[in-house]
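Accompanying notes for the structure given below.
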Amino acid sequence: MPLSDEKLNELKLVCKDLRKSILKMAHAANSGHPGGSLSATEILTVLYFAIMKYDPHNPNWHERDRLVISKGHATPLVYSILAKAGYYKGDDLLTFRRLGSPYQGHIDRLKAPGIEASTGSLGHGSSLAVGMALGSRLDKLNNRVYLLNSDGELQEGSTWEAIMSASHYRLGNLTAIVDRNRIQLDGWTEETMTLEPINKKYEAFGWHVQEIDGHDMNQIYNAILKTHEIGIKEHKPCVIIAHTVKGKGVSFMEDEVKWHGVAPNDEELAKALAEVEKE
Amino acid sequence: MGATVTEKKEMIATRVAYGKTLAELGKENLNIVVLDADLSGSTQTKFFAKEFPDRFFNMGIAEQNMIGVAAGLASTGKIPFASSFAMFATGRAWEIVRNSVCHNMFNVKICATHAGLTVGEDGGSHQIIEDIAIMRTIPNMTVIVPADATEAKLATRAIAEYFGPVYMRLGRSNVPVLFDEKDYEFKIGKAHVIKPGIDVSIFAYGVMVSRALWAQEILKSEGISAEVVNVSTIKPLDKNTILSSIKKTGCAVTCEEHNIHGGLGDAIGALMSEENPAPLKRIAIQDQFGQSGKADELLIHYGLTKENIALAAKEAIKKKMK
Ligand SMILES: Cc1ncc(C[n+]2csc(CCOP(=O)(O)OP(=O)(O)O)c2C)c(N)n1
């Protein structure tokens with residue numbers, strides 16, 4: 001079932017706002033990670049505004065859906081979306097990365113609300129999510145655990161230990177989404193350390209696999225709903241390999257390794273904002 | 001040859017000196033191989049990678065595997081230099097470092113950058129303040145922290161010559177160049193008195209050496225003669241130099257960009273209690289995690305300043321007089 005046109009338009013506007021905020025935050029901090037924030041914008045937008053159950057006024061509500069952001073460097077995106085979701089006003093987002101700011105370089109659950117787990121060291125989030133899924137099951141909760149992985153962190157052995165354990169424990173309440181933007185820090189993933197075939201690897205580890213366009217919000221939405229169905233029916237953890245573009249929405253950042261961890265200067269910011277606005 | 005401090009205005013990060021020296025060494029010694037974990041631009045192994053692509057291995061974001069593979073390479077007679085951020089090279093890979101590298105006595109050089117608070121904006125998840133503790137506790141491991149670019153260059157050369165596991169801690173941020181290659185001698189296991197004095201011994205390593213020197217000037221202006229010792233090899237500790245300084249001055253201050261637990265302060269404190277009990281003050285991070293901010297701001301926020309060193313020196317002197 002597709003999202004209604006009205007809903008889709010609403011989500012597109014959210015993405016536009018998020019992209020602007022991401023760019024402004026990186027610019028203000030003169031550092032940070034715009035590329036991998038822009039690639040995951042649609043994924044998180046669908047999760048927060050069409051899928052997940054949560055209460056920003058009661059972030060610790062026991063029955064909430066939980067989202068582990070394993071690519072903890074995507075802070076410009078995460079802190080912007082938490083503001084949009086109502087966890088805080090966010091009028092101080094531009095203090096990002098400054099001394100004393102709640103908005104740290106890598107997400108920190110003790111400094112801002114709405115973050116399930118502090119990450120930043122890659123390859124930690126998957127195990128955390130498995131633990132949350134096991135805990136939810138012990139408590140017989142009806143919630144789901146979502147996990148956002150980067151593609152680069154699939155190189156960490158710890159990620160595969162978690163993947164193995166998720167199917168062993170038949171965690172049908174776990175949905176992982178891989179932001180397959182094909183770029184890591186030093187270069188293209190396939191040139192740095194081959195990841196493909198990712199789908200077959202997950203399958204061999206006992207997961208249900210879907211591949212989608214990670215910027216098409218209808219595809220994201222439907223793929224996530226499908227994981228709910230499979231999870232209940234087959235008691236399998238599910239992964240969605242979301243094919244994305246690093247730096248999406250800003251022509252000069254798209255598919256450019258450089259924009260993994262560099263902030264735009266004044267001129268680049270103006271150009272980027274104009275492009276996002278026109279979209 | 002001793003250890004003269006040269007007042008230069010230049011600022012260079014120790015990781016930069018490391019990267020350039022590694023590329024030089026690549027020409028001189030064909031056994032040198034370099035491994036990185038998707039951070040070659042940051043750790044500066046990119047220079048070596050460019051010149052010697054056949055002897056460079058990017059292992060991807062997989063630090064445990066990187067260290068294990070480095071150990072395997074060492075077993076075949078290669079001299080592997082493995083680099084990543086210090087958080088991951090020491091923390092993530094600790095047990096591999098302990099068992100595959102040190103327990104085997106394999107000749108692996110773990111040269112890790114972005115250590116301590118001076119990582120800056122990346123924040124607490126990336127600011128390792130425990131690396132000295134967890135590395136120095138492993139048998140067979142040598143632990144080195146260069147104070148400036150000159151020492152980083154000389155130390156890189158020295159560890160390539162030395163046989164055995166080494167952890168070398170390097171920084172992200174620019175630090176003042178303190179030493180001139182022409183009159184600075186680096187020897188593994190040798191601490192240098194870089195300013196002689198008689199009232200108090202100040203022991204420091206890494207970025208804190210320049211702060212110790214600035215504190216020495218503050219103290220001098222107040223009529224106190226402080227001795228500054230650069231302890232760039234944390235393990236094995238240069239007991240002779242340290243103890244003879246304390247015997248002369250009768251009290252000590254240690255300064256480190258590290259948690260208060262397990263670092264140089266503890267190492268020197270233990271040495272002093274056993275060999276020559278005397279007052280000691282430790283300047284270090286007070287058992288807290290770091291956070292995002294500018295490198296210099298963070299050093300101030302966590303109390304790693306010349307003013308605090310000078311204050312600690314005066315307190316140590318006062319205790320000695322009781
Ligand atoms: C364990 C670990 N090793 C290294 C790093 C340094 N680092 C930060 S981001 C990054 C790579 C980014 O690529 P990817 O993981 O694919 O993220 P994305 O492209 O989605 O931003 C690296 C190596 C880290 N944060 N954690």
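Could you identify the single residue in A:27, A:73 that is away from the ligand (no atom under 16 Å from the Cβ), touching a residue at least 12 places away in the same chain (Cβ under 8 Å) and within 14 Å of chain B (Cβ to nearest Cβ)? Full working, then the answer.
On the way: A:73 fails: away from the ligand (no atom under 16 Å from the Cβ).
Matching residue, one of A:27, A:73: A:27.
Just give me the residues in the stretch B:237-249 being small (Gly, Ala, Ser) and open to solvent by less than 20 Å² (accessible area, probe 1.4 Å), in sequence order.
If the condition is that a residue be small (Gly, Ala, Ser) and open to solvent by less than 20 Å² (accessible area, probe 1.4 Å), then B:245 is the only one that fits.
What tally of residues in the stretch B:12-45 results from selecting those that are within 16 Å of the ligand (Cβ to nearest atom) and buried (at least 20 other Cβ atoms within 10 Å of the Cβ)? Can you show your working first?
First, the residues of the stretch B:12-45 that are within 16 Å of the ligand (Cβ to nearest atom): B:15, B:35-45.
Those left that are additionally buried (at least 20 other Cβ atoms within 10 Å of the Cβ): B:15, B:35-40, B:42-45.
The qualifying residues number 11.
Go through A:174, A:154, A:147 for me and flag whichever is open to solvent by less than 10 Å² (accessible area, probe 1.4 Å), within 10 Å of another protein chain (Cβ to nearest Cβ) and under 26 Å from residue A:45 (Cα atoms).
Working: A:174 fails: within 10 Å of another protein chain (Cβ to nearest Cβ); A:147 fails: within 10 Å of another protein chain (Cβ to nearest Cβ).
Only one candidate passes the filter, namely A:154.
Restricting to the stretch B:223-247, count the residues that are farther than 17 Å from residue B:269 by Cβ and in contact (Cβ under 8 Å) with a residue 24 or more places away in the chain.
Of the residues in the stretch B:223-247, 8 are farther than 17 Å from residue B:269 by Cβ and in contact (Cβ under 8 Å) with a residue 24 or more places away in the chain.
Failed condition for residue B:95, given (1) open to solvent by less than 40 Å² (accessible area, probe 1.4 Å); (2) of a type in the set (Asp, Glu); (3) part of a helix (DSSP H, G or I), with all others met?
(1)
Restricting the search to the stretch A:10-24, which residues are farther than 24 Å from residue A:146 by Cα and either open to solvent by 10 Å² or more (accessible area, probe 1.4 Å) or within 14 Å of chain B (Cβ to nearest Cβ) (or both)? Full working, then the answer.
We begin by selecting, within the stretch A:10-24, every residue farther than 24 Å from residue A:146 by Cα; these are A:20, A:23-24.
A:20, A:24, listed by residue number.
Within the stretch B:20-66, how many residues are within 14 Å of chain A (Cβ to nearest Cβ) and either out of contact with any Lys or Arg (no Cβ under 9 Å at 6 or more places or on another chain) or not in a strand (DSSP E or B) (or both)? I'd like the intermediate steps shown before the answer.
In the first step, residues of the stretch B:20-66 are kept if they are within 14 Å of chain A (Cβ to nearest Cβ); the result is B:34-50, B:53, B:56-66.
In the following step, the residues that additionally are either out of contact with any Lys or Arg (no Cβ under 9 Å at 6 or more places or on another chain) or not in a strand (DSSP E or B) (or both) were identified as B:35, B:37-50, B:53, B:57-66.
Of the residues in that region, 26 qualify.
Which of the numbered conditions does residue B:5 fail, given that it passes all the others? Conditions: (1) more than 17 Å from residue B:176 (Cα to Cα); (2) at pLDDT below 95.
Checking residue B:5 against (1) more than 17 Å from residue B:176 (Cα to Cα); (2) at pLDDT below 95, the one that fails is (1).
Please determine, by comparing only the residues of the stretch A:77-128 that are of a type in the set (D, E, K, R) and facing another protein chain (nearest Cβ under 8 Å), which one is farthest from the ligand (Cβ to nearest atom).
As a first pass, look at the stretch A:77-128 and keep what is of a type in the set (D, E, K, R): A:84, A:89, A:91-92, A:97-98, A:108-109, A:111, A:116.
Among the residues that remain, those that are also facing another protein chain (nearest Cβ under 8 Å) are: A:97-98, A:108, A:111.
Details: A:97: 14, A:98: 20, A:108: 14, A:111: 18 Å.
Applying the filter and picking the extreme gives A:98.
In the stretch B:109-140, what residues are among the β-branched types (Val, Ile, Thr) and surrounded by 24 or more Cβ atoms within 10 Å (Cβ to Cβ)?
From the stretch B:109-140, those among the β-branched types (Val, Ile, Thr) are B:110, B:113, B:118-119, B:128-129, B:132, B:134, B:137-138; that's our starting set.
Selection gives B:110, B:113, B:119, B:128, B:129, B:132.
List pairs: first residue in the stretch A:254-267 and at pLDDT 95 or above, second residue assigned to a loop (DSSP other than H, G, I, E, B) and open to solvent by 70 Å² or more (accessible area, probe 1.4 Å) anywhere in the structure, Cβ distance under 6 angstrom, at least six positions apart or on different chains.
Partner pairs satisfying both residue conditions: A:263/A:30.
So residue A:168 clears everything in (1) more than 14 Å from every other protein chain (Cβ to nearest Cβ); (2) within 13 Å of the ligand (Cβ to nearest atom); (3) out of contact with any helix residue (DSSP H, G or I) (no Cβ under 8 Å at 6 or more places or on another chain) except one condition, right? Which one?
Of (1) more than 14 Å from every other protein chain (Cβ to nearest Cβ); (2) within 13 Å of the ligand (Cβ to nearest atom); (3) out of contact with any helix residue (DSSP H, G or I) (no Cβ under 8 Å at 6 or more places or on another chain), only one is false for residue A:168: (2).
Being out of contact with any His (no Cβ under 8 Å at 6 or more places or on another chain), under 23 Å from residue A:73 (Cβ atoms) and either away from chain B (no Cβ under 14 Å) or open to solvent by less than 10 Å² (accessible area, probe 1.4 Å) (or both) is true for just one of A:208, A:243, A:228. Which residue is that? Please lay out each step first, then the result.
Working: A:208 fails: under 23 Å from residue A:73 (Cβ atoms); A:228 fails: under 23 Å from residue A:73 (Cβ atoms).
The match here is A:243.
Restricting attention to the stretch A:44-73, which residues are closer than 20 Å to residue A:155 by Cβ and in contact with a strand residue (DSSP E or B) (Cβ under 6 Å, 6 or more places away or on another chain)?
Narrowing the stretch A:44-73 to residues closer than 20 Å to residue A:155 by Cβ: A:68-73.
Residues satisfying the conditions are A:68, A:69, A:70, A:71.
For the stretch B:171-188, state whether one or more residues are under 24 Å from residue A:124 (Cβ atoms) and in contact with a strand residue (DSSP E or B) (Cβ under 9 Å, 6 or more places away or on another chain). Walk me through how you get there before you give the answer.
Taking the stretch B:171-188 first, the residues under 24 Å from residue A:124 (Cβ atoms) are B:172.
Checking the rest, the ones that are also in contact with a strand residue (DSSP E or B) (Cβ under 9 Å, 6 or more places away or on another chain) come to B:172.
For the stretch B:171-188, residues under 24 Å from residue A:124 (Cβ atoms) and in contact with a strand residue (DSSP E or B) (Cβ under 9 Å, 6 or more places away or on another chain): present.
Considering only residues that are in a loop (DSSP other than H, G, I, E, B) and of a type in the set (Gly, Ala, Ser), look in the stretch B:1-19 and name the one that is farthest from the other protein chains (Cβ to nearest Cβ).
From the stretch B:1-19, those in a loop (DSSP other than H, G, I, E, B) are B:1-2, B:6-10, B:13; that's our starting set.
If we keep only those that are of a type in the set (Gly, Ala, Ser) too, we end up with B:2, B:13.
On the way: B:2: 39, B:13: 15 Å.
Ranking the candidates gives B:2 first.
Of the numbered conditions (1) surrounded by fewer than 20 Cβ atoms within 10 Å (Cβ to Cβ); (2) within 17 Å of residue A:39 (Cβ to Cβ); (3) more than 14 Å from every other protein chain (Cβ to nearest Cβ), residue A:222 fails exactly one; give the number of that condition.
Here residue A:222 clears every test but (2).
For the stretch B:73-89, check the following and say yes or no: at least one residue is in a helix (DSSP H, G or I), within 12 Å of another protein chain (Cβ to nearest Cβ), touching a helix residue (DSSP H, G or I) at 6+ places or on another chain (Cβ under 7 Å) and open to solvent by 30 Å² or more (accessible area, probe 1.4 Å).
no
The values are calculated or read from the model by the stated rules, or taken from the named source; none is laboratory data. Quick caveat: nothing in here was measured; it's all calculated off a predicted structure. No Cβ is skipped: glycine too gets one built from the backbone with ideal geometry, and neighbour counts run over all protein chains shown. The accessibility values were calculated without ligands, DNA or RNA, using every heavy atom of the protein model including side chains. Shrake-Rupley method; radii C 1.70, N 1.55, O 1.52, S 1.80 Å.
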